[in-house]
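Worksheet: the structure to be examined is printed underneath.
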Amino acid sequence: MKAIILLGAPGAGKGTLAEGIRSSTDYLHVSTGDMLRAAIKAGSKTGLEAKAYMEKGELVPDGVILRIVGERLAQGNSTDKYMFDGFPRTLEQARQLDETLAKLGASVNQVFLLEVPTPVIVSRLSGRRICKGCGAVYHVTNIPSKVEGVCDQCGGALYQRPDDSEATVLNRLEVYQRQTASLIDFYEKKGILVRINAGTNPQAATAELMSKLA
Ligand code: AMP
């Protein structure tokens with residue numbers, strides 16, 4: 001088994017990079033944020049547990065996250081290669097992931113830290129728009145759709161994620177500093193942290209990551 005992690009503040013481009021890697025490798029993309037949004041849409045118990053935290057930009061409790069990741073790992077994947085996006089976000093999640101992988105005779109292979117200056121992050125998140133139909137991601141100035149508010153790919157309506165409003169974005173960044181940034185040290189000490197310049201454009205960041213993927 002192989003396991004890699006995309007680590008970085010909200011808006012660092014984890015989802016975009018994950019899409020680039022997924023399309024040119026056989027890694028399975030495991031995004032806890034996407035899983036939680038799907039659970040909310042489906043109205044499941046997990047969705048109900050997660051919704052209020054997500055709307056405020058707070059972290060969903062470790063127990064909920066570890067359960068959904070555990071369920072996903074138990075389903076397996078034909079290539080046995082996993083790319084975690086937005087997970088782990090706390091030291092507890094990181095330790096539990098190590099334990100789970102150890103039981104499978106595996107460990108985290110590489111952790112890619114996507115480095116982006118804070119002002120770039122705030123502008124990226126508050127301008128982000130997503131298609132209700134197909135999930136395609138736009139940005140009001142960086143990646144505008146041809147017709148404002150309408151998806152180029154499927155004609156669906158574009159919306160702003162409730163947690164991308166400016167006030168929530170600032171809280172999410174604070175939560176990242178308080179609860180997630182310590183993972184940088186955790187993985188650096190293990191010698192598996194790889195820094196990626198993700199402050200320019202997604203193509204350059206993806207190319208840099210691909211060239212460093214072992
Ligand atoms: P993301 O799409 O990765 O930005 O995640 C959106 C929101 O989902 C976060 O702001 C958290 O509320 C929640 N979330 C996603 N992944 C995790 C995680 N690993 N631990 C705790 N909360 C999470």
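The values are calculated or read from the model by the stated rules, or taken from the named source; none is laboratory data. Source: prediction; values computed, not measured. Quick reminder, even Gly has a Cβ in these numbers, built from the backbone with ideal geometry, and neighbours come from all protein chains shown.
All but one of (1) outside any strand (DSSP E or B); (2) at pLDDT 95 or above; (3) of a type outside the set (K, R); (4) touching a helix residue (DSSP H, G or I) at 6+ places or on another chain (Cβ under 9 Å) hold for L125; which doesn't?
Among (1) outside any strand (DSSP E or B); (2) at pLDDT 95 or above; (3) of a type outside the set (K, R); (4) touching a helix residue (DSSP H, G or I) at 6+ places or on another chain (Cβ under 9 Å), L125 violates only (2).
Conditions: (1) at pLDDT below 90; (2) more than 15 Å from the ligand (Cβ to nearest atom). A167 meets all but one. Number of the miss?
The number of the failed condition is (2).
Say whether the condition of being more than 18 Å from the chain's Cα centre (by Cα) and exposed (fewer than 13 other Cβ atoms within 10 Å of the Cβ) is met by at least one residue in region 167-176.
Yes: region 167-176 contains one or more residues that are more than 18 Å from the chain's Cα centre (by Cα) and exposed (fewer than 13 other Cβ atoms within 10 Å of the Cβ).
Can you say whether T206 is surrounded by 12 or more Cβ atoms within 10 Å (Cβ to Cβ) and in contact with a helix residue (DSSP H, G or I) (Cβ under 8 Å, 6 or more places away or on another chain), as far as the supplied structure shows?
Taking the combined requirement at face value, the residue satisfies it.
Looking for whichever is within 10 Å of the ligand (Cβ to nearest atom), at pLDDT below 95 and in contact with a helix residue (DSSP H, G or I) (Cβ under 8 Å, 6 or more places away or on another chain) here; the options are P88, P61, P10. Which one fits?
P10
Quick one: V69 ticks every box in (1) surrounded by 13 or more Cβ atoms within 10 Å (Cβ to Cβ); (2) more than 15 Å from the chain's Cα centre (by Cα) bar one, so which box is it?
Condition not satisfied by V69: (2).
Just need a number here: residues in region 38-55 that are surrounded by 15 or more Cβ atoms within 10 Å (Cβ to Cβ), under 24 Å from I121 (Cα atoms) and more than 7 Å from the ligand (Cβ to nearest atom).
Of the residues in region 38-55, 1 are surrounded by 15 or more Cβ atoms within 10 Å (Cβ to Cβ), under 24 Å from I121 (Cα atoms) and more than 7 Å from the ligand (Cβ to nearest atom).
For the subset of region 73-85 comprising residues that are modelled with pLDDT of 95 or more and within 16 Å of the ligand (Cβ to nearest atom), which member is farthest from I184 (Cα to Cα)?
Ranking the qualifying residues of region 73-85, first place goes to Y82.
If I go through region 72-97 residue by residue, how many of them are of a type in the set (D, E) and surrounded by 17 or more Cβ atoms within 10 Å (Cβ to Cβ)?
1
Would you list the strands (runs of 3 or more DSSP E) that sit entirely within region 128-202 and hold 2 or more residues that are not assigned by TED's automatic domain parsing to the domain that holds E58?
Here the list reads 128-131, 137-139.
Can you tell me how many residues within region 17-30 are buried (at least 19 other Cβ atoms within 10 Å of the Cβ) and within 13 Å of the ligand (Cβ to nearest atom)?
The number of residues fulfilling the criteria is 3.
Restricting to region 124-143, give me the number of residues that are without any contact (Cβ under 8 Å) to a residue 24 or more places away in the chain, surrounded by 14 or more Cβ atoms within 10 Å (Cβ to Cβ) and either in contact with a strand residue (DSSP E or B) (Cβ under 7 Å, 6 or more places away or on another chain) or more than 24 Å from E58 (Cα to Cα) (or both).
6
Is it fair to say K132 is more than 15 Å from the ligand (Cβ to nearest atom) and farther than 28 Å from C151 by Cβ? Explain how you work it out, then say what you get.
Details: more than 15 Å from the ligand (Cβ to nearest atom): yes; farther than 28 Å from C151 by Cβ: no.
Against the criterion (more than 15 Å from the ligand (Cβ to nearest atom) and farther than 28 Å from C151 by Cβ), K132 does not qualify.
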